[in-house]
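Structure, as structure tokens:
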Amino acid sequence: MSLTYEERIAQQIATYAETVNMHDLPDIFHVWSHNYIRPALEDVFGTGSIDEAYALSYLDAKVEGTGRILSIGSGDGEVEIRVAKELLKHGVQDFVIVCSDVSPILVERNKAAAKREGLEQHFEPFVSDLNKIDILGGFNMIMANHALHHIVELEFLFDYCLERLTPDGIFVTCDMIGRNGHMRWPEAKVFVDLIWPMLSEKQKIHTQLQRFNETFIDHDCSLDGDDFEGVRAQDILPLLLQRFRPNKFVGCGGIVDLFVDRGFGHGFDHNDKDDLALVHLIAGLNEALLDAGVITPSWTMASFTKDNRGQKYYRTRTAEASVRARDPFWLRFHPA
């Protein structure tokens, strides 16, 4: 029997209630991010740090007086506390981060962490269902760190953000923008299937699902039922582009993230030269396919504005080009 919306929300709160570190990743992920994501961030945002990229985006908003930042799906506030520290490093003192999350448990942790760090004057945590968000006031920056791919009512949320963002404000996000449920698009799956026989037995084990994949099983995470994982990931970028103008855009992944993320990434040893060589091979292929427009990114760090300030992007990867065509021409030769 399928769960109701309210039951899924309750399960989502319960899932993260016992999570100590919601951002743990296998070591091999950091090999990819350092060598392939970091250079892209440095080129576009002027820093290899996602935390500092958020802070620099706030500076782009040209804030006068007390600036207000809304963080969508802030969880326990770990990221927001780091962003606050980055703002202070850059000499920004007069700001408030309004943190919003559906879980009262995580909101309380956010309050406690801000107080522990001596930053409570910069934080206003709220319990809020992001599908029905109604926090009042305007915001100079709205940030969403790996939260959008959990949200069902994206149209409502983005309309709210468009209304609440100040004229010079910045909407900035780091999130997954690939196929719903973090599945592979058919044109990407062609290459995953070609790579799969190169993997060792341990590399074919999905750690989270505790399942051995003799051949690649394209798991739909959105059907797992507890936290809306990737429920509308593929709609995020198109819906943003309908409302905002892209300002800075980095798009990565599509194939390689499958191999280095929490599912299969623990099967790769970052100290093993053969494992490293395979990851670099896959990552290099991924980069070439993105640059050629054969596949589209599954991950982005991007900022958007209300007005057209021009777009800075990495290599050939504009925000518009990173939206998957409904029927890519090469699928005539590799049908789904």
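Some observations on this one:
- For L165, the residues whose amide H sits under 5 Å from its own are F139, ignoring neighbours fewer than 5 places away on the same chain, with H placed 1.01 Å from N.
- Helical mean residue ellipticity (222 nm; -39500 (n - 2.57) per DSSP H run of 4+; nearest 500) of the chain: -11000 deg cm²/dmol
- By the Kirkwood approach, averaging reciprocal distances over each pair of separate Cα atoms, region 40-90 gets a hydrodynamic radius of 11.7 Å.
- Using alpha-carbon coordinates, inclination of helix 273-292 to the longest axis of the chain, degrees: 70
- The chain: relative contact order as a whole-number percent, Cα under 8 Å and 6+ apart: 20
- All Cα pairs of the chain, percent lying beyond 28 Å: 42
- Shown for region 181-328 is the translational diffusion coefficient from the Stokes-Einstein equation, using the Kirkwood radius over Cα pairs, a temperature of 20 °C and a viscosity of 1.002 mPa s: 129 µm²/s.
- Take every DSSP beta bridge whose two residues both sit in the chain; close to 40 percent of them are antiparallel.
- Neighbour-count ranking [beta-carbon atoms within 10 angstrom, fewest first] of I28, I105: I105, I28
- Among 181-193, 125-137, 277-289, the order from most to least packed when residues are scored by Cβ within 10 Å on average: 181-193, 277-289, 125-137
- Rounded to the nearest 10 degrees, the inclination of helix 5-17 to the longest alpha-carbon principal axis of the chain is 90 degrees.
- Highest-first arrangement of 305-313, 138-146, where packing means the average Cβ count within 10 Å: 138-146, 305-313
- Cα gyration tensor category, rounded, prolate or oblate, for region 64-135 with a/c compared to 1.5: oblate
- Value of Rg/Rh across region 221-287 [Cα atoms, Kirkwood radius]: 1.09
- Only Cα sites of region 134-220 enter the Debye sum here, all with the same form factor; the resulting log10 I(q)/I(0) across q = 0.14, 0.19 1/Å is -0.68, -0.90, listed in q order.
- Peptides ranked, highest mean first, by Cβ atoms within 10 Å: ranges 111-118, 170-177: 170-177, 111-118
- Amide H within-cut-off set for V98, under 5 Å, with H built and near neighbours excluded: I69, L70, S71, E124
- Note on the chain: lysine pairs with Cα distance below 25 Å, sequence gap of 8 or more or different chains, count 20.
- For D274 and K85, the FRET efficiency from 1/(1 + (r/R0)^6), where r spans their Cβ atoms and R0 equals 56 Å, is about 0.90.
None of the figures in this text is laboratory data; all of them are computed from the coordinates on show. No experiment lies behind these values; they were computed from the predicted model shown. Don't worry about glycine lacking a Cβ; one is built from the backbone with ideal geometry, like all the others, and counts go over all protein chains shown.
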